[in-house]
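Each remark here refers to the structure printed beneath this line.
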Amino acid sequence: MAEMTYRDALKQALRDAMAEDDTVMVIGEEVGRYGGAYGVTKGLYEEFGPDRLIDTPISEPAIVGAAVGAAMSGLRPVAELMYVDFIGMTMDQLGNQAAKIRYMFGGQVGVPMVLRTQGGTGRSAGAQHSQSLEAYVMHTPGLRLVMPATVSDAYHLLRQSLKQPDPVVFIEHKALYTMKEDVDLAAPAPEWGKARVHRTGDDLVIVTYSRQLHHVLAAAEAMARKGVQATVIDLRSLNPLDFDTVRTHVERVGRVMVVSEGVMTAGVGAELSARIHEECFDFLAEPVIRVCGEDIPISVSVELEKNSVPTAAFIQTAGEKLVGLRTAA
């Protein structure tokens, strides 16, 4: 076991993969000598050199386009985008090419690349640098989508992502980079695409992912002190989506809340709510509650930013209301 930050776990995953496989390389803005915008690649340039840590101009389409070509040519590139907010600029390269090439080429060619980027709120970075755009990726067939919430998952899921035959979008939450945990680097990796149940209770099920896991766990602890026991599921990846785990606990409990930092309208929360209603309707005691980000641009104001996405207190209030509906019935 080794204590490390989320940032260092990502770095260790890259270092281990690059040491094992000389086709793994990193491409992006300032990923070389500078060490990456968030310090994830710091020190790797000195270990692996400029041919495997390639600095690029500030052009997201060029970064992803080059990574797609490199992946088709036998390399395993890791493309780094400084902010997920600019993923829209890459959607021809990512959504129209990387996601479709295996299908278009009849399975003869794949695109084994990882697109690392970060999203979410927490740094007062303003409306253009604080979004949660995972729904863009989840909407596109052919793209895998991983969003680790813990330091251990940051390491193990990035290692797994670097072994996949198809493109993986790996979104790190900007507020998690300094979080510390003990990580067993030698532990078996979690099953690819498998959710993790962090706690089990019989009063309600809360389904979430990424940083919201920590708000949900804090809310669940507060509810437990009032006698309300929640099951908390961290999806870990949105494609593959482990709906079997969700279904098992929804059918057992019958009350569900979905928590996402993404916006309410047409977001990940909406998709999860729809599937739960469609596939578990007969087991629901109440309609699914969505607790999501506001349908607004994120403010640079600390207080406005904080309250534009779910907080532990808001999640707790929503959970108690959901259980209260049961009591009133």
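The values are calculated or read from the model by the stated rules, or taken from the named source; none is laboratory data. Fair warning: this is a prediction, and the values are worked out from it, not measured in the lab. All Cβ positions, glycine included, derive from the backbone under ideal geometry; neighbour counts span all protein chains shown. Please note that ligands, DNA and RNA were not included when accessible areas were found on the heavy atoms of the full protein model with its side chains. Shrake-Rupley method; radii C 1.70, N 1.55, O 1.52, S 1.80 Å.
Of the GluC sites (Glu not before Pro) found in segment 128-223, those that fall in a DSSP loop while having at most 14 other beta-carbon atoms within 10 Å are Glu191. Summarising the amide proton neighbourhood of His173: residues at separation of 5 or more, or on other chains, whose placed amide H is nearer than 5 Å comprise Gly119. The 1.4 Å probe gives accessible areas that order Arg196, Arg102, largest first, as Arg196, Arg102.
Using the Karplus relation 6.51 cos²θ - 1.76 cosθ + 1.60 with θ = phi - 60°, the per-residue 3J(HN,Hα) values for segment 76-84 come to 10, x, 10, 8, 10, 9, 4, 9, 5 Hz, with x marking Gly and Pro. Calculated [222 nm] ellipticity per residue, helices only, for the chain: -10000 deg cm²/dmol; basis is -39500 (n - 2.57) per DSSP H run with n ≥ 4, divided by all residues, nearest 500. Backbone phi angles across segment 89-96, fed through the Karplus curve with coefficients 6.51, -1.76 and 1.60 (θ = phi - 60°), yield HN-Hα couplings of 5, 9, 5, 6, 5, 7, x, 9 Hz in residue order; Gly and Pro are listed as x. To the nearest 10, the accessible area of His214 is 60 Å² with a 1.4 Å probe. Using a 1.4 angstrom probe on heavy atoms only, work out the carbon and sulfur share of the accessible area of segment 196-328 in %. Within segment 196-328, the accessible surface is 54 percent carbon and sulfur. Between segment 227-293 and segment 157-192, what is the C-alpha centre distance in whole Å? If you average the Cα positions of each part, the centres end up 23 Å apart.
Put a dot 7 Å past the Cα of His277, heading toward its Cβ, do the same for Lys100, and the two dots end up 3.1 nm apart.
Rolling a 1.4 Å probe over the heavy atoms of the protein chains gives the chain an accessible area of 42 Å² per residue. Along Cα→Cβ, 7 Å out, is where each label goes; now give me the distance between the ones at Glu294 and Asp55 in nm to one decimal. It works out to 4.0 nm between the two label points.
Residues of segment 217-254 falling in the label zone of Asp21, defined by backbone nitrogen less than 20 Å from a point 7 Å along Cα to beta-carbon, are 237-240.
For the chain, the number of Lys pairs with C-alpha atoms closer than 30 Å, counting only pairs eight or more positions apart or on separate chains, is 27.
Summarising the strand pairing of the chain, around 20 percent of its internal DSSP beta bridges are antiparallel. The dipole here belongs to segment 58-132: it is taken about the Cα centre, uses +1 on the Cβ of Lys and Arg and -1 on the Cβ of Asp and Glu, and is about 220 debye. Using 0.36 nm per residue and subtracting the Cα-Cα separation, the extra length available between Ser124 and Thr317 on full extension is 67.0 nm.
Segment Leu185..Val197, full-extension length gain: 2.3 nm, with 0.36 nm per residue of separation and the alpha-carbon distance subtracted.
Have a look at Met1, Ile289, Val68 and report the one farthest towards the positive end of the charge dipole of the chain, computed about the Cα centre with Cβ charges (Lys/Arg +1, Asp/Glu -1). Checked the options; the winner is Ile289.
Applying both filters, DSSP loop and at most 16 other Cβ atoms within 10 Å, to the trypsin sites (Lys or Arg not before Pro) of segment 137-188 gives Lys163.
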